[in-house]
Amino acid sequence: MDLILRNATLPDGGQQADIAIEAGRIVAIGPALNLKGVQEIDIAGDLVTPPFVDAHFHMDATLSYGLPRVNASGTLLEGIALWGELKPELTQQALVGRALQYCDWAVARGLLAIRSHVDVCDDRLLAVEALLHVKKLVAPYLDLQLVAFPQDGLLRSPTAFANLQRAIAMGVDVVGGIPHFERTMAEGAESVRLLCEFAAENGLRVDMHCDESDDPMSRHIETLAYHAQRLGLQGRVAGSHLTSMHSMDNYYVSKLLPLIREAGVAAIANPLINITLQGRHDTYPKRRGMTRVPELLAAGIDVAFGHDCVMDPWYSLGSGDMLEVAHMGLHVAQMTGQEAMRSCFRAVTETPARILGLEGYGLQVGCHADLVVLDAGDPIEAIRLRAARRFVIRRGVVISQAPPAHAQLNLPGRPGKVDFRLAK
């Protein structure tokens, strides 16, 4: 074998498992495998998981914090205005440099697949060209899926649809949209129809910013689900954000959830960003702003979490840590039951992998040997600790490693170090 991980704990609770890897794929999993490896790593009970997956990100804007100025109010609308100011100053070199730096961060965090929206409302399509170049550069170690995103509105921006079609022809993977940003609800609905029909004609996936608003009457997710079902796009469509659902009345939501499920539409929540940007017009009580994650899950709808932003016009924090995203989502959605917490871990691993359509993802024989060894004993502990990524493995090769998290103590009568894990 090229590599064997010894004494692993698996996400399903299996312990003392060995994982044998050859030619970039998992070839055996079991206790005390009678195999030899060119390289063997005893991970001493640490958790092994498939890599983290970010279902919603904006890599064209990442690490641009402070350019051309800081978002003084911290609001969504000022962030959009700031991005409009920054776009004329963008260069391919700067876009590529920032994106590659972020991808380095992602690898160190065990984040090996990202779906990034890229703005197509700049007629130069600089960001599209830059991120297509980045996609090629990082392909050996990170799956970068790009969404053609008409940030200024498909119909509101005169050249947006033509630019979106150009971006797809250049190699962008997914059709995006932002219906709630059109001038009227009717134009928003029309943009959904046009984009879904274009996607269906070209065999593409769809991922729309949908109803990122506190307005309970912003109901474009209903239109998106309708067209997904009408056009046979089940399993290929995602609605991102869906924050207006937080403010909708329960009767309407009771009708909406079955429609979303029947249409095979997935939901992508962005906990860090939506609880920051939504509810800004509230005094008290303040709405959390995040969509109805537990209710969506209970209805049988796939729900993933995205990071959305890292140090850009909309959000001045972040470091590419999907465990931080899961940690925030767990708290905001009050998902503190045992299974609920595990579903938050799945929301940054296997569920977004399914939404992105990643081939060979998983922790089964035959899957790609893309794995992360976490300084934790189970997925819940990994979220609690935002666990150190001991080893990050891509196609059977260790591409990043870090020491376990512990502190040295000098206390009379107490242990010499603490690792923050619950002693068994």
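The values are calculated or read from the model by the stated rules, or taken from the named source; none is laboratory data. Everything numeric here is computed off the predicted structure, so don't read it as measured data. Backbone-built Cβ (ideal geometry, glycine too); neighbour counts: all protein chains shown.
I'd like to check something: does region 268-275 contain any residue that is free of Cβ contacts under 8 Å to residues at least 24 places away in the same chain, in the same structural domain as residue 72 (by TED's automatic domain parsing) and either surrounded by fewer than 20 Cβ atoms within 10 Å (Cβ to Cβ) or more than 27 Å from residue 154 (Cβ to Cβ) (or both)?
No; the residues of region 268-275 include none that is free of Cβ contacts under 8 Å to residues at least 24 places away in the same chain, in the same structural domain as residue 72 (by TED's automatic domain parsing) and either surrounded by fewer than 20 Cβ atoms within 10 Å (Cβ to Cβ) or more than 27 Å from residue 154 (Cβ to Cβ) (or both).
Which one is nearest to residue 393 (Cα to Cα) among residues in region 158-180 that are free of Cβ contacts under 8 Å to residues at least 40 places away in the same chain and crowded, with 22+ Cβ neighbours inside 10 Å?
Checked region 158-180; the qualifying residue nearest to residue 393 (Cα to Cα) is 175.
For residues that are hydroxyl-bearing (Ser, Thr, Tyr) and in contact with a Leu (Cβ under 9 Å, 6 or more places away or on another chain), scanning just region 116-168, find the one that is nearest to residue 371 (Cα to Cα).
141
Residue 182 is checked against (1) in contact with a helix residue (DSSP H, G or I) (Cβ under 6 Å, 6 or more places away or on another chain); (2) modelled with pLDDT under 95 and fails just one. What number does that condition carry?
Unmet for residue 182, out of (1) in contact with a helix residue (DSSP H, G or I) (Cβ under 6 Å, 6 or more places away or on another chain); (2) modelled with pLDDT under 95: (2).
For region 188-233, name all the residues that are acidic (Asp, Glu) and surrounded by 21 or more Cβ atoms within 10 Å (Cβ to Cβ).
Result: 207, 211, 212.
The rows are residues; the columns are (1) out of contact with any strand residue (DSSP E or B) (no Cβ under 6 Å at 6 or more places or on another chain); (2) within 18 Å of residue 160 (Cβ to Cβ); (3) not assigned by TED's automatic domain parsing to the domain that holds residue 395; (4) not in a helix (DSSP H, G or I).
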position: 56; (1), (2), (3), (4): no, no, yes, yes
position: 59; (1), (2), (3), (4): no, no, yes, yes
position: 81; (1), (2), (3), (4): yes, yes, yes, no
position: 95; (1), (2), (3), (4): yes, no, yes, no
position: 107; (1), (2), (3), (4): no, no, yes, no
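Scan region 298-326 for residues that are among the hydroxyl-bearing types (Ser, Thr, Tyr) and not in a loop (DSSP other than H, G, I, E, B) and jot them down.
The answer is 315, and nothing else.
How many residues does region 83-98 hold that are over 19 Å from residue 314 (Cβ atoms) and surrounded by 12 or more Cβ atoms within 10 Å (Cβ to Cβ)?
3
Does residue 346 fit the bill of being assigned by TED's automatic domain parsing to the domain that holds residue 265 and either at pLDDT 95 or above or basic (Lys, Arg) (or both)?
In short, yes.
One residue is enough: does region 377-389 have a residue meeting the conditions over 21 Å from the mean Cα position of the chain (by Cα), within 24 Å of residue 24 (Cα to Cα) and of a type in the set (D, E, K, R)?
no
How many of the residues in region 124-169 are part of a loop (DSSP other than H, G, I, E, B) and either more than 24 Å from residue 313 (Cα to Cα) or not charged (D, E, K, R) (or both)?
Within region 124-169, residues that are part of a loop (DSSP other than H, G, I, E, B) and either more than 24 Å from residue 313 (Cα to Cα) or not charged (D, E, K, R) (or both) number 13.
Of all residues in region 327-338, how many are part of a loop (DSSP other than H, G, I, E, B) and among the small types (Gly, Ala, Ser)?
Qualifying residue count, region 327-338: 2.
Determine which member of the set 373, 325 is closer than 28 Å to residue 264 by Cβ, modelled with pLDDT of 95 or more, buried (at least 23 other Cβ atoms within 10 Å of the Cβ) and not polar (S, T, N, Q).
325
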